[in-house]
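Derivation of every value follows stated rules applied to the coordinates shown; laboratory data play no part. What you are looking at is a predicted structure, and each value in this text was computed from that prediction instead of being measured. We place every Cβ from the backbone using ideal geometry, glycine too, and count neighbours over all the protein chains shown.
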Amino acid sequence: MTISGGWRKSSYSDGGDGNNCVEVASSPTHISLRDTKALHRGGLTFSAPAFRPFLDHLKSPRPRTP
């Protein structure tokens, strides 16, 4: 599923030089994310219930591999 229109810059995007811009679009049932610098790559779309666990996983501390 792709959400058309309604894209906005995420409040979590870097406000500095604009190199870390993520855009978000939402509908009542889905949330989509895309990289502003690489629109040709498409994005990720999540069901509304799956979005929170995705964010929680990104925020969780995890070991880095070399």
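Under a point spin-label approximation (7 Å from Cα along Cα-to-Cβ), what is the Leu58-His40 distance to one decimal in nm?
So the two model labels end up 2.4 nm from each other.
May I ask for the Kirkwood hydrodynamic radius of segment 18-63, worked out over all distinct Cα pairs and given in angstroms to one decimal?
Taking the inverse mean of 1/r over all distinct Cα pairs, segment 18-63 comes out at 11.7 Å.
Would you kindly derive the ³J(HN,Hα) couplings of segment 30-36 from the backbone phi angles with the Karplus curve 6.51 cos²θ - 1.76 cosθ + 1.60 (θ = phi - 60°), listing them in order in whole Hz, with x for Gly and Pro?
9, 10, 10, 10, 8, 8, 4
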